[in-house]
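K.L.:
Can you read through this structure? Questions will come right after.
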Amino acid sequence: MALEQRLNLKQTLQLRMTPQLRQAIKILQVSRAELETMIDDELCQNPTLEEQEASPETPQEESRTGDVETTETETQEAATTTEAEAEPKDLKEVDWEDFLERYSGDFHGSIGTGSDRDDNKANFIENTAAPSDDLQTAILDQLNLVMMSDDERRVGTIIAHNLDKSGYIVCTPEELAQLANCDLELVNDVREIIQDFEPRGVASLDLRECLLVQLTAIGYEPDDYVYQIVDTHIKDLESRRYDKLARALHTTVEEIIECHNIIQRLEPKPGRNFDDGETRYITPDVYIHWDGNDFQVTLNDDGMPSLRISPYYKQLMAKPDGTGDAKGYIQEKMRSAVWLMRSIEQRQRTLRKVTDSIIRFQRKFLLTGVESLKPMVLKDVANDIGMHESTVSRATANKYVHTPQGIFELKYFFTSSIRGTDGTDVSSESVKQRIQQIITKENPRKPFSDQYISEVLGKENIDIARRTVAKYRELLGILPSSKRKRYVAET
C-alpha cells in the first residue's frame, strides 16, 4: 500500500487559556487588597482606563464597576452651594488677624506664642503612631548602651540577627563563631551579656537554659529545688510526675508543687511580646445583616474605584483620521480595559451568588452560632448556584464575610461531617466547639480524658472515636489530660 500525503479539514472545539481568561480567573480568586493593587497598576499602565469621580453633574454610566448607586446628589449640591456662599468673594474681605490667631500653630511659621506652638506640636506627637520595635531592634538598642569592645559588639550584632520570634538562637554557638570569625569563648561571653537584657533569657539555646537564666536573675541558687528541677528534671515536670520528682530530690510533693508554681510564672518564649512588624488587617468583602425579616447581602465597595473608558479616547476613535498603529494601540488598550471591568463585575456577581447560597445552607448558624453550623462542601453550593466547584473554590478563596456571629473566612463554612447516632450529620467545627466547652467546665484537679469526652459526645448523638477527639483537641491547642491536671499542695 503506497503512502501519500493528504489535506483534511476537521472542526473541533478546544478551550484555550487566553491571557484574558487567566486574568478573569485571577481576579476571581485574589483578595480585596490584591484586587485594589491590580486596579491601580492597570490605571497606571492603560491610558484609556480612568477612575470615575463621583460628582453631582456626572450621571451613572453603564460601564462603571460595582453596584453602588449614588443617592445623595441633592445633599451634595446643597453642601456645595453652602460652601460657595461661605467663601469670601474677595481676598480683601478676609480677616487676616483672626486667620493668624486660628492657624498660628504651623510648625514652619513663627507666628503666635511659644506655648501655642508647643501645644500644637504635643498634639501632633500624641496623634502620631509610635514605631513598634521588633526583638532585634530592642536587643541592638540595649547592646549600644553596654561598655564592650568592638569585637564583642560585632558578635552581639550577629547574635541579635540570628534570633527567632521566640527569642532563641537559630544556630549553634560554633556556627556563630564561624560567622563572626572569632573564638567560641567570645561568643559564649557575649551571649551571657545579652541573656541579662530585657526580655530576660533571650539568646538562649533551649528552654532549660532560658528558664535557668530567669531563675538566676530572681536569686535562686543551683542547690535550690526549683533550680535542680529545671536543670535535670524538666521532662518529669512536664509530665507532672510529682511523686518521682519528690523521691529524686528527697523532698515532699507539696514542695515540688510550689516549685512548679514558681516555674509557671517564668517566660518560656522571651520574644513573644515583641511585634514582628507584620500586622494583618482584615476587611470583609461581604456583609450579611438581619433587617428584621430576612438576611441581606451587601458587597463591600468602599475604597474600590469606579472605572470607565476615557471619553477622550472614545472621541478619538470616532474620528476618521489618525494612523493605523495609533488606533490599533488604543483599540487594544480599550479591549483590555473593558475586559477588566467585566471581570470585576463578574467577580462581584459570583461572590453575591455564593454568599446567598451560604445563607440558605447556614441560616441556623447565622441565627444561633457555631453549634448550629451544618456540614457543607463545595459541591453543595456549586449545584445550588449552577456553577463548577472550581469556580466556587476560587470565589471563596481569600474572602471574608461579616456576619451577625462575627467575621469569618468564606472557606470556614465548608466543613467535613460527622455521622450522628440518630442518622443526622454534624459539622466538625461544631464538634470542636463542643469539645472545648466540655474541657472548659472540667475540674482542673480531675481533667476529662479523651475517652470520657468521646462518651459524653456519644450521649449527645455524636458518634466520634477517642482518636478523633484527640485530633480535634490538638487542633484546638489543648493539652492532654495528664498535662492539664492541676495539683494543690495540702496545707
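The values are calculated or read from the model by the stated rules, or taken from the named source; none is laboratory data. Everything numeric in this text was worked out from a predicted model, so none of it was measured. Counting neighbours? That spans all protein chains shown, and the Cβs are built from the backbone with ideal geometry, glycine included.
K.L.:
Going through 479, 475, 378 one at a time, which residue ends up being within 30 Å of residue 255 (Cα to Cα) and within 29 Å of the chain's Cα centre (by Cα)?
P.N.:
479
K.L.:
Here's another thing I want to ask about it. What are the residue pairs meeting all of these: first residue in the stretch 272-295, first residue modelled with pLDDT of 85 or more, second residue among the basic types (Lys, Arg) and surrounded by 10 or more Cβ atoms within 10 Å (Cβ to Cβ), Cβ atoms under 6 Å, and 6 or more apart or on different chains?
P.N.:
Note: pairs meeting the criteria are 285/32; 285/399.
K.L.:
Condition first: modelled with pLDDT under 80, farther than 23 Å from residue 284 by Cβ, of a type outside the set (S, T, N, Q) and in a helix (DSSP H, G or I). Can you find one or more residues in the stretch 49-57 that meet it?
P.N.:
No, every residue in the stretch 49-57 fails to be modelled with pLDDT under 80, farther than 23 Å from residue 284 by Cβ, of a type outside the set (S, T, N, Q) and in a helix (DSSP H, G or I).
Residues checked against (1) outside any loop (DSSP other than H, G, I, E, B); (2) under 17 Å from residue 270 (Cβ atoms); (3) at pLDDT below 85; (4) not polar (S, T, N, Q):
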| position | (1), (2), (3), (4) |
| --- | --- |
| 101 | yes, no, yes, yes |
| 107 | no, no, yes, yes |
| 118 | yes, no, yes, yes |
| 128 | no, no, yes, no |
| 152 | yes, no, no, yes |
| 157 | yes, no, no, no |
| 179 | yes, no, no, yes |
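K.L.:
Can you confirm whether the stretch 327-337 contains a residue that is in contact with a Leu (Cβ under 6 Å, 6 or more places away or on another chain) and more than 18 Å from residue 413 (Cα to Cα)? If you could, list the steps in order and put the result at the bottom.
P.N.:
Filtering the stretch 327-337 for residues in contact with a Leu (Cβ under 6 Å, 6 or more places away or on another chain) gives 337.
Filter once more, so that each one left must be more than 18 Å from residue 413 (Cα to Cα): 337.
Yes, the stretch 327-337 contains a residue that is in contact with a Leu (Cβ under 6 Å, 6 or more places away or on another chain) and more than 18 Å from residue 413 (Cα to Cα).
K.L.:
I would also like to ask the following. Pairs under 7 Å by beta carbon, first residue small (Gly, Ala, Ser) in the stretch 420-447, partner modelled with pLDDT of 85 or more, six or more apart or different chains?
P.N.:
Final answer for the pair search is 427/373; 427/374; 427/375; 430/373.
K.L.:
I'm told residue 208 meets every condition in (1) in contact (Cβ under 8 Å) with a residue 12 or more places away in the chain; (2) buried (at least 18 other Cβ atoms within 10 Å of the Cβ) except one. Can you identify the failing condition by its number?
P.N.:
Here residue 208 clears every test but (2).
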